[in-house]
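Here's the structure, in structure tokens; my notes come after.
Rule-based calculations on the coordinates, nothing more; no lab input. What you are looking at is a predicted structure, and each value in this text was computed from that prediction instead of being measured. Cβ sites come from the backbone with ideal geometry, for glycine too, and all protein chains shown count toward neighbours.
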Amino acid sequence: MKIPLIKPYITDEVKDEVLKVLDSGFLTEGEQTRALEEAVGQYLNVSHVVAVCNCTLGLEMALRALGIGSGDEVIVPDYTYPATASVVNIVGADIVLVDVNPSNMLIDYDVIEKAITPKTKAILPVSLFGCPLDYTRLDALKKKYGIYVIEDAACSLGVKSQNQFAGSLADISVFSLHPRKFITTGEGGLVTTNKPNLAHWMNSYKHFGIGESESREKTAFVQIGTNYKLSNIQAAVGLVQMKHINKLLESRIQLAKNYKRMLLGVEGISLPEYPENGRHSFQSFCIFVEDRNRIMERLRSKGIEVQIGTYSLHMHPAFYNNQKCRVSGSVKGSEYAYHHCLTLPMYYGMTEEIQNQVVHHLVKEL
Ligand SMILES: Cc1ncc(COP(=O)(O)O)c(C=O)c1O
């Protein structure tokens, strides 16, 4: 038996579109990349989408676009993938780690305010595992303190807060197209904003600092820039998947419902509590168990690919041995999630029968 954690959606249709790009000879960023940006923009109802080569570089670019750098502080949840915080240091700013709410693993809105100082320039919350953020809370802080919100929406294509898509609510949001995500281009990222000046700056920055011009001979490089482009080959993969996003998302939501029904009331398992006024994408389906590492090992030995949730950053040397990183307040919620969160397999085409097998083996190990 082999039950994978996730399976990328790679069909003949995807392969055909990639072949077409390969045959065309236009391999770098171009027509397919523009089409992917447009498809995502329409889907999310956001004015600007900037494709990049991964989410991490997209986050770094977002901070730079907002002018964040040396002497500034950015508030980041302690429970997240290291990329969320690393980019803050990479642009020269200081990381301020705050706790997450252990019931849903999102940044604890109540503690953000205590971490704000005159140096705070932005909050970088994560819609972790596809769980929608509360923009009523974030917008209130933004207004009160005049700070930016950058959403690490790595896991969040298709997520909705109230009735709006993640990607249209923050100053800048950044999605990942890594193969753990249900829309994937291998490596890739999408940066979204409704602010034309930011989109304009980022489009130039990721493209060697190029200015607008009608022809190659009139090209001017107007700022120092870099190369964060997403190739046509990669974009072709994402573009086909975007055509099927509703089907892919609905399947995840249904699989999550099945798991919840199967696991509800099982002693030794607790489920995260999700906000009711939004749509969770179940990019990861997480549960909490006491003896997580032993259970994980046992399930893996049976061929069931399970995984931890993510990391408690303050417990890692990159962050605790770091003059430009501080922890604000207690981070007990983050530590709880780090030790007890377990991610179960979920992929398009997974049957209820396979889910039953996962649950059967899981319950035996409790
Ligand atoms: C919350 C979060 N932020 C950032 C990233 C980095 O994304 P990428 O691998 O596309 O750079 C990940 C990766 O999975 C993530 O989970």
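With contacts taken as Cα pairs under 8 Å and at least 6 residues apart, the chain reaches a relative contact order of 25 percent.
Here LYS364 is the anchor, and the lysines within straight C-alpha reach of less than 16 Å, apart from those fewer than 8 places off in the same chain, are LYS302. Residues VAL266, VAL88, VAL96, arranged from fewest to most other Cβ atoms within 10 angstrom of their Cβ, appear as VAL266, VAL96, VAL88. Estimated purely from DSSP H runs of n ≥ 4, each contributing -39500 (n - 2.57), the mean residue ellipticity at 222 nm for the chain is -11500 deg cm²/dmol once divided by its residues.
Reachable aspartates and glutamates from LYS260, Cα under 14 Å, same-chain residues fewer than 8 places away excluded? Candidates past the 8-residue exclusion: GLU273, GLU352.
Three principal axis extents describe the C-alpha atoms of the chain; from largest down they are 69, 53, 37 Å. In summary, the lysines within cross-link reach of LYS119, defined as a Cα separation below 30 angstrom excluding same-chain residues under 8 places away, comprise LYS142, LYS143, LYS144, LYS195, LYS206, LYS324, LYS332.
Given a Förster radius of 51 Å and the C-beta distance between ASP23 and ARG300 as r, what FRET efficiency does 1/(1 + (r/R0)^6) yield to the nearest 0.05? Taking R0 as 51 Å, the efficiency between ASP23 and ARG300 is 0.80. For the pair the stretch 1-50 / the stretch 194-244, the C-alpha centres are spaced 16 Å from each other. Relative to its residue count, the stretch 195-257 spans a Cα convex hull of 148 Å³ per residue. The distance from the alpha carbon centre of the stretch 106-132 to that of the stretch 295-351 is 19 Å, rounded to a whole number. The stretch 142-260 gives an Rg/Rh value of 1.05, both radii derived from C-alpha positions and Rh following Kirkwood. Sorting VAL240, VAL159 by the number of Cβ atoms found within 10 Å of their own Cβ, with the fewest placed first, yields VAL240, VAL159. Segment LYS260..ALA220, full-extension length gain: 8.8 nm, with 0.36 nm per residue of separation and the alpha-carbon distance subtracted.
So the label point goes 7 Å from the Cα of ARG34 along Cα→C-beta, right? Which residues of the stretch 209-224 then have their backbone N under 14 Å from it? Zone members listed by number: 213-216. As a proxy for reagent exposure, THR33, THR351, THR84 were ordered by neighbouring Cβ count within 10 angstrom, fewest first; the result is THR351, THR33, THR84.
Kirkwood analysis of the Cα pair distances in the stretch 9-105 returns a hydrodynamic radius of 16.4 Å.
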